[in-house]
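Read through the structure below, which is laid out as structure tokens, and then see the notes.
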Amino acid sequence: MVLLIALLVLGLLVGWIELRHRLRPASPLTMRPLKWTVERQGSAVQVSGVLEISNPHRRMEVFVPELRVEPVLLGKVDPSPLQLTTRIEADHPDEETRADGYWAAYIVKGRQVTRAKVSITIRDAEGSDPLDRIDTLWADVHWGNYGPFGLLQRRQGVLVSLSRPEPLTSSIAEFRLGDNCRVLPLRTHLLGSLDDPIEVLRTYGSNLLQPGDVLTIGETPVAVMQSRYRHPSEVNPGLLARLACRVFHPTSSLATACGMQALIDLVGPTRVIAAWIGGLMLKLIRVPGGFYRFAGDQARLIDDITGTTPPYDQTIVLGPENPNTLCERAAAELGVAVAIVDVNDLGRVKVLASSRGCDEDLLQRALRPNPAGNANERTPLVLVRPRQA
């Protein structure tokens, strides 16, 4: 009888949490960057792009009372001598664009789309080439959503590569010797949501590929190219997230309320509660890692802030979506095996996904020394070649 009452109370609690999760304040609006370009204008550099705002809801109308872009410059030297000019033009389907660039509050009706044109000009006050100082621009978009849910202040970043390294060729590639294999980290530009994963693999790897090679890419770069990152201000942690996060080790990405809420938003509160209870029961019989087994792969793949390279170090990065499908598509186009991996400096190698026929034992041996590094090497691709190839 006591057990039945306990189960009933637990069921009511789970139902209440699930209901609160579904009723949390949320806006249906989504924003995605369309094509962005980088052009020279004399000694200046102009970055232009479009932000598309969509409302998939059938009936709800949502206001966008403000939208602004704060550009952040990234490079290896001090960018302070550079001057920035930012302009935003509303490109609404039913209103004319204001000549003064003022963003007038706008209503995005149900199943409608609007756009904002962004132009950022970069000049060096000393007349030098701005790209001598920087190679990447992070367009930090701040925009408001106002509707039945109240007022939400939202934040989303778009990374624009201003310059890119030349792909390696066979004549200059210097492989490292590994355990019955050879390994070559491949330097790329800083990757973002404007990049396509397969195109990145082709650009930086196709000149070098031979039959028997395996081309790997880190799981975090794949996730950011899929736009699977969120600023913590976009995450609204509930009571469950605030309580559940406290049982994790402080270094875990689930040890913060926002990190845990990101997982809840992915898999739902019911699964997180079940994983927490199941993990506790396994821990009583000294079986570790139960929570991650029950909560699914995303629980292990979430990187909280500081967990990735700048500028994503200020965001929560989720795990990649449909990694196996991506590997199969990439392998078919490139003609070699492709794998998505998660490697750290402790010698831990996890092959998240791989194409058919991929030699995962080879990857374990080759990647254990972590040739890609975990700092700012910008070598998210690693080419692995068996010694006999």
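The values are calculated or read from the model by the stated rules, or taken from the named source; none is laboratory data. These numbers were taken from a predicted model, which means no experiment stands behind them. A quick note on method: Cβ atoms are made from the backbone with ideal geometry, for glycine too, and the neighbour counts reach across all protein chains shown.
Computed quantities for the displayed model
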read-out: Some residue of region 179-196 being at pLDDT below 95, out of contact with any Ser or Thr (no Cβ under 6 Å at 6 or more places or on another chain) and not in a strand (DSSP E or B); value: yes
read-out: Strands (runs of 3 or more DSSP E) contained in region 1-64 and holding at least 1 residues at pLDDT 95 or above and within 20 Å of S161 (Cα to Cα); value: 30-33, 37-41, 44-55
read-out: Subset of region 219-270 that is charged (D, E, K, R) and assigned to a helix (DSSP H, G or I) - its residue that is surrounded by the most Cβ atoms within 10 Å (Cβ to Cβ); value: E219
read-out: Checklist (1) β-branched (V, I, T); (2) at pLDDT 95 or above; (3) more than 20 Å from the chain's Cα centre (by Cα); (4) assigned to a loop (DSSP other than H, G, I, E, B) applied to I172, failing item; value: (2)
read-out: Residue in region 102-121 that is surrounded by fewer than 16 Cβ atoms within 10 Å (Cβ to Cβ), within 24 Å of G192 (Cα to Cα) and polar (S, T, N, Q) present; value: yes
read-out: Single condition G212 does not satisfy, out of (1) touching a helix residue (DSSP H, G or I) at 6+ places or on another chain (Cβ under 8 Å); (2) at positive phi; value: (1)
read-out: All positions within region 138-164 that are surrounded by fewer than 19 Cβ atoms within 10 Å (Cβ to Cβ), touching a residue at least 60 places away in the same chain (Cβ under 8 Å) and assigned to a loop (DSSP other than H, G, I, E, B); value: P148, F149
read-out: From I134, I107, residue being touching a strand residue (DSSP E or B) at 6+ places or on another chain (Cβ under 9 Å), farther than 30 Å from R58 by Cα and not small (G, A, S); value: I134
read-out: The lone exception for T114 - which of (1) in a strand (DSSP E or B); (2) touching a His at 6+ places or on another chain (Cβ under 6 Å); (3) more than 20 Å from L34 (Cα to Cα) it fails; value: (3)
read-out: Qualifying positions in region 197-218 - not small (G, A, S) and not in a helix (DSSP H, G or I); value: N207, L208, L209, Q210, P211, D213, V214, L215, T216, I217
